[in-house]
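The values are calculated or read from the model by the stated rules, or taken from the named source; none is laboratory data. Keep in mind that what you see is a predicted model, and the values were worked out from it rather than measured. Cβ coordinates were reconstructed from backbone atoms using ideal geometry, including for glycine residues, and neighbour counts include every protein chain displayed.
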Amino acid sequence: MVENRPFLTLLTHLVLIIGVVIVVFPVYLALIASTHGPGQFVSGLVPLLPGPHMIENYSTIWNEGLSSSGAPPIWVMMMNSLVMAVAIAVGKIMISLLSAYAIVYFKFPFRLLAFWIIFITLMLPVEVRIIPTFKVVADLGMLNSYQGLILPLIASATATFLFRQFFLTIPDELMEAARVDGAGPMKFFRDILLPLSRTNIAALFVILFIYGWVQYMWPLLVTSDSRYYTIVMGIKRLAASADSEPLWHLVMAAVILAMLPPVLIVIFMQRLFVKGLVETEK
Amino acid sequence: MATINLVDLMKSYGPIPAVKGINLSVKDGELIVLVGPSGCGKSTLLRMVAGLESVTSGRIEIAGRDVVKAEPAERDIAMVFQNYALYPHMTVRQNLEYGLKNRGTLREEIDRRVREAGDILEIGPMLDRKPRQLSGGQRQRVAMGRAIVREPAAFLFDEPLSNLDAKLRVQMRVEIKKLQRRLKTTSLYVTHDQLEAMTLADRLVVMNGGLVEQIGTPTEVYDRPATLFVAGFIGSPPMNLLPVSALAAASGFETLDLPAGTDMVGIRPDHFALETPAEPSLALAATVELLEPVGGESHLHVRLNNGDHPIILSVPGRPDIVEAAAITVHVRPGDMHPFNRESGHRTDTPAAKPQ
């Protein structure tokens with residue numbers, strides 16, 4: 001791997017560049033499409049250079065939405081998505097931190113059973129249990145509400161498992177030293193465990209925020225009121241116009257906007273994210 | 001400042017007993033070292049005193065107060081752990097302060113104690129660093145600092161030096177001893193290293209299989225080991241333990257003048273002499289197997305004739321002896337420790353039973 005041959009360097013770069021182009025080109029196309037007027041994009045010749053209608057398109061979709069498709073302004077959907085993604089990420093982290101703490105540091109009957117039950121739910125993502133979950137949410141009157149969007153997705157076996165594994169790597173002596181120092185269970189959790197889990201929490205936040213942001217099927221099911229539409233499912237509504245060509249320039253503007261928050265989160269939390277995955281502070 | 005009393009202290013994990021009834025009273029200001037092979041229950045005992053292990057039966061009294069049911073923090077003890085157990089995300093200062101803050105000590109008092117501990121242990125300049133920026137020896141000091149600032153009734157040390165390299169270990173050993181002399185805090189110290197135990201202890205507690213084999217000052221334990229186990233455990237190279245028959249065979253005497261019931265004899269490697277001593281002594285015929293020069297002295301591995309028993313001699317300097325040579329080694333009767341193999345006890349001290 002440390003060979004120094006110009007040909008190999010060229011080849012590896014070529015492969016990488018091709019990979020990047022394959023990934024980036026559709027995004028570029030979306031960006032370009034969002035800057036042209038209506039009709040331009042379906043006229044047969046796909047433009048590859050930016051058009052003049054960028055500000056106009058974005059302000060239309062941001063402020064007014066697409067009434068013909070029954071979609072609210074993008075900012076409403078972005079807000080909904082943001083609330084949902086943040087609540088899911090924060091909720092998942094809090095619940096899994098606490099359950100991992102209980103499983104690792106407390107001895108109670110059926111502790112192992114509890115762990116395995118949590119673990120087994122990994123096999124049951126939303127899509128598998130979607131009908132019973134919908135029934136429960138509907139009976140609780142949580143259709144078209146933030147609770148309905150958030151609660152069914154808020155428990156996380158993966159995060160619990162990750163925190164459990166991390167807690168297991170913390171030496172027992174640290175807990176014993178804290179006990180000798182007069183720290184009770186909650187104090188130990190707050191003063192020692194939480195600060196030590198900081199990087200793990202950050203890494204998980206990034207993953208879970210994106211998980212919440214890209215939720216598609218569940219919001220599609222539980223929201224029929226456009227005030228609770230989320231952006232990712234909203235795009236689907238934008239594109240589905242009954243009897244005319246979809247207004248691609250506006251759809252693409254919405255797509256670009258929908259991509260922004262996850263990208264920003266990754267960019268700004270990248271350092272913590274990588275740190276959380278590769279190193280444990282000990 | 002406190003005494004520690006252990007009364008019939010027992011601990012079992014399910015049906016398996018780990019500590020089988022220990023009685024020990026530690027005087028105020030005394031440094032007691034618990035020593036024994038791994039699995040002898042010494043760490044379990046210490047952790048019971050700390051309150052980190054539950055007690056199956058018996059009593060623990062610290063400063064006259066029964067603390068069996070008390071939380072570790074309520075026992076007025078401080079503990080130094082083998083791997084230091086410093087809080088990695090806190091600075092040295094925060095590490096020292098944490099226990100005090102939890103007990104609601106006043107700010108000025110905390111500052112005073114941290115400053116004092118910093119001076120005593122020479123960790124003042126490192127107060128604002130994180131533990132991972134410190135070397136092993138410095139972390140060890142911080143761990144001790146964390147114990148000192150508590151100003152507890154007793155220090156508990158759980159093999160605090162075993163993660164250090166040999167040179168640093170000797171240095172820290174001296175420092176712990178000085179520190180303990182200076183603070184005069186009652187201390188329990190666990191180690192498996194018998195040299196560490198000998199040098200540190202005011203009194204030694206030699207443990208084996210969950211029981212106390214002998215309690216005494218290091219010299220007492222070294223000079224008059226109470227049991228065969230102690231004889232073999234304390235001292236390096238270990239004491240030679242020989243059946244009386246082998247001794248008789250190698251010396252040519254039919255009977256030796258030993259206390260009744262003696263069937264094993266222990267002789268320290270340095271109590272053998274190659275030259276005939278002035279006092280009356282026993283001469284044993286032997287064959288040299290190996291000569292190990294270790295610097296100022298040499299270890300001579302020999303085999304006794306007529307019985308084939310290997311023994312180790314420690315002789316000063318580098319004797320001019322070749323391997324396979326036939327030699328005579330001398331030992332004074334007074335240097336022989338008589339034991340009974342069955343009971344494991346000495347036969348020359350009446351009623352010197354281990355507690």
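So here's what we get for this one:
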| quantity | calculated |
| --- | --- |
| Strands (runs of 3 or more DSSP E) wholly inside segment B:1-62 containing at least 1 residues that are more than 26 Å from B:Q180 (Cβ to Cβ) | B:4-13, B:16-26, B:57-62 |
| Residue match in segment A:84-104 (condition: among the polar types (S, T, N, Q) and surrounded by fewer than 17 Cβ atoms within 10 Å (Cβ to Cβ)) | no |
| Residue pairs meeting the criteria (Cβ under 8 Å; at least 6 apart or on separate chains; first closer than 14 Å to B:L121 by Cβ, in segment B:162-176; second among the polar types (S, T, N, Q) and surrounded by 15 or more Cβ atoms within 10 Å (Cβ to Cβ)) | B:M172/B:Q140 |
| Helices (runs of 4 or more DSSP H) contained in segment A:172-267 and holding at least 1 residues within 14 Å of chain B (Cβ to nearest Cβ) | A:172-180, A:185-188, A:198-213 |
| B:Q82, sole failed condition from (1) polar (S, T, N, Q); (2) more than 14 Å from every other protein chain (Cβ to nearest Cβ); (3) touching a strand residue (DSSP E or B) at 6+ places or on another chain (Cβ under 6 Å) | (2) |
| Subset of segment B:178-200 that is of a type in the set (A, V, I, L, M) and more than 20 Å from B:P152 (Cβ to Cβ) - its residue that is surrounded by the fewest Cβ atoms within 10 Å (Cβ to Cβ) | B:L195 |
| Criterion (outside the structural domain of B:T227 (by TED's automatic domain parsing), at pLDDT below 85, under 29 Å from B:T217 (Cβ atoms) and surrounded by 15 or more Cβ atoms within 10 Å (Cβ to Cβ)) met by exactly one of B:P354, B:P350 | B:P354 |
| Qualifying residue in segment B:58-69 (condition: touching a residue at least 24 places away in the same chain (Cβ under 8 Å), at the interface with chain A (Cβ under 8 Å from one of its Cβ atoms) and farther than 14 Å from B:M10 by Cα) | no |
| Residue match in segment A:29-50 (condition: surrounded by fewer than 12 Cβ atoms within 10 Å (Cβ to Cβ), of a type in the set (S, T, Y) and either touching a residue at least 40 places away in the same chain (Cβ under 8 Å) or part of a helix (DSSP H, G or I) (or both)) | no |
| Conditions (1) outside any loop (DSSP other than H, G, I, E, B); (2) of a type outside the set (D, E, K, R); (3) more than 11 Å from chain A (Cβ to nearest Cβ); (4) over 24 Å from the mean Cα position of the chain (by Cα): number failed by B:Y98 | (3) |
| Any hit, segment B:204-219, residues being surrounded by 15 or more Cβ atoms within 10 Å (Cβ to Cβ), of a type in the set (D, E), in contact (Cβ under 8 Å) with a residue 12 or more places away in the chain and farther than 24 Å from B:G21 by Cα | no |
| Some residue of segment B:149-160 being assigned to a helix (DSSP H, G or I), in the same structural domain as B:L34 (by TED's automatic domain parsing) and either at pLDDT 90 or above or within 24 Å of B:V67 (Cβ to Cβ) (or both) | yes |
| Matching option when the condition is modelled with pLDDT of 90 or more and closer than 22 Å to B:R224 by Cα, among B:S314, B:S281 | B:S314 |
| Residue count for segment A:126-148, restricted to those that are exposed (fewer than 12 other Cβ atoms within 10 Å of the Cβ) and either assigned to a helix (DSSP H, G or I) or at pLDDT below 90 (or both) | 6 |
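Results for (1) within 20 Å of A:M79 (Cα to Cα); (2) at pLDDT 85 or above; (3) over 17 Å from the mean Cα position of the chain (by Cα), shown as yes or no for each residue.
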site: A:R179; (1), (2), (3): no, yes, yes
site: A:I207; (1), (2), (3): yes, yes, no
site: A:L238; (1), (2), (3): yes, no, yes
site: A:V255; (1), (2), (3): yes, yes, no
